[in-house]
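Take a look at the structure below.
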Amino acid sequence: MIVPIFLPHLGCQSRCIYCDQDIITDIGREDLQKRIDQVLARQKGFFEVGLYGGNIFGLKPETVKRLFSYFDNYTSVITNFRISTKPVPLDHEIIAILKENRVTAIELGIPSFNNRILKFLNRRHTAEDLKNAFSILKGEGFQVALQVMVGLPYETMDDIRETVKNIVSLKPSFIRIYPLAFISGTPLADMYTAGEFSTITFEEAIHRAMLLYLNGLHHGVTTVKMGLTDNEVIKDRIVGGYYHPAFGHLVKSEVFYRAIMAKLTQARLDGEVTISLNNRDIPHLLGHKRNNISRFHGAGISITWHTKDIPIGTFIMKSNKKEMLGDVFDALEVTLNH
């Protein structure tokens with residue numbers, strides 16, 4: 001069980017143009033200790049603590065030590081910590097402090113591997129900085145994960161393919177995929193409302209997330225999360241972008257739809273088709289608000305289904321006397337060729 005503690009922009013030395021809060025470079029003991037106590041005091045049993053939303057490498061070593069001291073009353077029940085952070089400025093003294101305090105996983109934010117986009121977003125680091133930090137932290141024994149984004153200004157499919165290439169080559173412990181949301185009051189939202197750059201459609205954002213998700217999965221890299229939660233965005237302040245409360249479900253449903261359609265086309269099947277699949281994949285077969293079923297029907301296919309003890313992401317299709325095996329990777333080729 002991971003118990004999240006959100007530290008918005010703590011330690012950030014500059015503000016990314018899509019972020020909606022002011023920079024915080026230090027921490028007040030009373031407020032933070034109270035926040036930690038409110039979250040942890042109600043937990044039962046043993047748990048992991050996730051420190052999200054800031055940049056621990058942007059803090060001074062003594063501040064990082066003070067941050068972990070706020071958890072002293074819970075050391076007997078905290079199994080370990082994980083953090084999310086920017087890849088810079090990498091500090092070996094802070095790395096040592098993290099190891100001393102049982103940090104086992106570090107998630108590095110890298111919206112894009114295109115340095116021009118990173119500069120535009122005011123990230124204050126390059127793709128090379130990320131790769132260097134990744135290598136050092138992995139060498140220090142941490143599980144190193146990546147947080148990537150889709151729908152960024154000036155982003156192209158080549159940029160998405162570059163992110164795929166780096167996910168495959170770096171082999172992070174896992175990834176998170178975030179769609180961009182324009183939050184009122186941010187510099188990026190102001191540019192968006194002024195029409196200073198063009199945007200992609202929501203469907204294209206889903207497609208780009210699919211490309212990251214499927215290629216990661218194909219190479220053994222799990223996506224643990226797609227989309228933004230209520231803790232990460234203020235919905236009332238969203239003025240554009242690709243936020244959806246079921247973004248991950250939409251992506252996985254589109255994957256299932258494309259995979260099944262690819263196999264149906266390959267076998268030249270239509271009419272009544274029965275699909276056997278893992279119980280956990282039924283929502284992905286049906287689609288959001290049963291949209292996939294409507295799409296199958298529109299293509300002249302009547303789908304029925306039943307559960308079977310087979311791996312998640314696989315399916316068996318039957319029509320007349322034909323039977324075909326398939327899996328989500330059948331959607332990969334059509335997605336790559338989009």
### Message
Between the range 28-61 and the range 71-148, what is the separation of their alpha carbon centroids in Å?
### Response
17
### Query
Any idea of the accessible area per residue across the chain, 1.4 Å probe, to the nearest Å²?
47
### Query
Which aspartates and glutamates, on any chain, are close to K60 with Cα under 12 Å apart, when same-chain ones fewer than 8 places away are left out?
D26, D91, E93
### Task
If a/c stays under 1.5 just call it rounded; otherwise compare a/b with b/c (prolate if a/b is bigger, oblate if not). Do that for the range 193-245, with a ≥ b ≥ c from the square roots of the Cα gyration tensor eigenvalues.
oblate
### Message
What does DSSP give for the chain in terms of the percent of beta bridges that are antiparallel, rounded to the nearest 5?
### Response
25
#### Entry: Estimated 222 nm signal from helices in the chain, with DSSP H stretches of n ≥ 4 weighted -39500 (n - 2.57), rounded to 500
-11000 deg cm²/dmol
### Query
What's the long-distance tail for the chain, i.e. % of Cα pairs beyond 26 Å?
54
### Task
Assign unit charges at the C-beta atoms only (+1 for Lys and Arg, -1 for Asp and Glu), then state the dipole size of the chain relative to its Cα centre in Debye, rounded to the nearest 20.
640
### Query
Looking at L277, L90, S198, which one has the Cα that reaches farthest to the positive end of the dipole of the chain (charges on Cβ: Lys, Arg +1; Asp, Glu -1)?
L277
### Task
Could you please state how large a percent of the accessible area of the range 91-250 is carbon and sulfur, counting protein chains only and using a 1.4 Å probe?
49
### Query
Which pairs, out of K34/K225; K65/K165; K44/K65, put more than 30 Å between their alpha-carbon atoms?
K65/K165
### Query
Does the range 256-338 come out rounded, prolate or oblate by the C-alpha gyration tensor, with a ≥ b ≥ c the root eigenvalues, rounded set by a/c under 1.5 and, if not, prolate when a/b is larger than b/c and oblate if not?
rounded
#### Entry: Difference of contour (0.36 nm per residue) and Cα-Cα distance, D31 to A194
54.9 nm
### Query
Which order do Y243, Y70 take by accessible area at a 1.4 Å probe, largest first?
Y243, Y70
### Query
Which of rounded, prolate, oblate describes the range 120-278, given a ≥ b ≥ c as roots of the alpha-carbon gyration tensor eigenvalues and a/c under 1.5 marking rounded, otherwise prolate only if a/b is larger than b/c?
oblate
### Query
Can you list the lysines whose alpha carbon sits under 22 Å from that of K321, skipping same-chain ones fewer than 8 residues off?
K263, K308
### Task
Tell me which residues come under 5 Å, amide H to amide H, from G241 once H is placed; ignore anything under 5 positions away on its chain.
F182
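The values are calculated or read from the model by the stated rules, or taken from the named source; none is laboratory data. As the structure is a computational prediction, the values presented were derived from the model and not from experiment. Positions of Cβ are generated from backbone atoms using ideal geometry, with glycine treated the same way; all protein chains shown enter the neighbour counts. Surface areas here come from the heavy atoms of the whole protein model, side chains and all, with no ligands, DNA or RNA. Shrake-Rupley method; radii C 1.70, N 1.55, O 1.52, S 1.80 Å.
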